[in-house]
Amino acid sequence: MDPSRLLACLNADFARLRSVVPDRLSARVPTCPDWTVGDLTRHVGDVYLHKTLAMREGVEREPWPPAELADEDPLKLLDRGHAGLMEEFAAHGPEDHAGSWYTPDPTVGFWIRRMAQETVIHRIDAELGAGVPVAPVAEDLAVDGIDEVLRVFAEFSVAEWGDYFTGILDRSPGRLHTLRTDGAEWRVRTAPGLFAVEGGTDGPGGRAECDVTVSAPPADLLRWLWNRESPGVPSDVRVAGTPEAVAELRGCLTVATE
């Protein structure tokens, strides 16, 4: 996606998040059971500030967040974090260097994409916690988010931090998982130490026989991948495959996105 489009989505989803959290800070977030809406609000503000400094300083500060942020009002922290993030984005081109855990793309453009996707997922969390309807997710943002979670989170994490996935993949017989949505299809091959993604927004995924097929409209598939479906609400995601194969895919995604 074009950086300007990602920024537009980020700001729209931030505005929605900001509109639903003030009166429900003590409510529990069903998709993040350890958090209240206030905790979620603070987390998003912390993340915005952390990535602002990663662009400004060229490295990601660790550990994070500093203890003093815990005393700041979560709404003020959220607003301050968003304002600083937007200022930092405006001061750089997408190709400029930034500190990043994702070594293939240590750029400001990476953080534009990552913060747009971070914001839409946590906007959904905020809506679920506040008990308000979940607003639609822009289709192009959802397709981009599916690609991001498969490639940037799962594929990269298995390659870089494989020890976290040994309990899931070490006994894998080698499987092919297909994920389909409107206009895009991804093939994911898993095996011991392997999570390899093909197709998707890079081209057609083909029709090879597979162990698991997951099909859904873009927003529904994005929410399924992030485990952000509305509790108790019927899903439009269609999953076909053996329980063991589905659990393997789900397990990798859960570890990668924690």
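The values are calculated or read from the model by the stated rules, or taken from the named source; none is laboratory data. None of these values were measured; they are calculated from a predicted model. Cβ placement follows ideal geometry from the backbone for every residue including glycine, while neighbour counts extend to all protein chains displayed. Side chains included, ligands, DNA and RNA excluded: accessible areas come from the protein's heavy atoms. Shrake-Rupley method; radii C 1.70, N 1.55, O 1.52, S 1.80 Å.
Numbers for the structure displayed
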{"read-out": "Tally of residues being under 21 Å from Gly45 (Cα atoms) and not in a helix (DSSP H, G or I) across the range 85-101", "value": "6"}
{"read-out": "Matching entry among Asp140, Asp105, Asp125 (being under 11 Å from Cys9 (Cβ atoms) and either part of a helix (DSSP H, G or I) or more than 16 Å from the chain's Cα centre (by Cα) (or both))", "value": "Asp140"}
{"read-out": "Unique match (being modelled with pLDDT of 95 or more, charged (D, E, K, R) and over 19 Å from Ala142 (Cβ atoms)) among Arg207, Arg189, Arg223, Arg228", "value": "Arg189"}
{"read-out": "Exclusive hit being hydroxyl-bearing (Ser, Thr, Tyr) and touching a Pro at 6+ places or on another chain (Cβ under 6 Å), set Thr52, Thr119, Thr41", "value": "Thr41"}
{"read-out": "Test for Ser26: is it more than 17 Å from Val134 (Cβ to Cβ) and of a type in the set (Ser, Thr, Tyr)", "value": "yes"}
{"read-out": "Single residue of the range 78-112 satisfying the filter (open to solvent by 50 Å² or more (accessible area, probe 1.4 Å) and in contact (Cβ under 8 Å) with a residue 60 or more places away in the chain) that is nearest to Leu25 (Cα to Cα)", "value": "Asp79"}
{"read-out": "Residue ranges of helices (runs of 4 or more DSSP H) in the range 151-258 with at least 2 members under 16 Å from the mean Cα position of the chain (by Cα)", "value": "156-160, 218-225, 243-257"}
{"read-out": "Only listed residue being closer than 28 Å to Pro243 by Cβ and surrounded by 22 or more Cβ atoms within 10 Å (Cβ to Cβ), chosen from Ala184, Ala159, Ala142, Ala126", "value": "Ala142"}
{"read-out": "Which listed residue, of Pro243, Pro218, is closer than 26 Å to Ala126 by Cα and either surrounded by fewer than 21 Cβ atoms within 10 Å (Cβ to Cβ) or in contact with a helix residue (DSSP H, G or I) (Cβ under 7 Å, 6 or more places away or on another chain) (or both)", "value": "Pro218"}
{"read-out": "Qualifying positions in the range 51-77 - in a helix (DSSP H, G or I) and surrounded by fewer than 19 Cβ atoms within 10 Å (Cβ to Cβ)", "value": "Leu53, Arg56, Glu57, Ala67, Glu68, Leu69, Ala70, Asp71, Leu75, Lys76"}
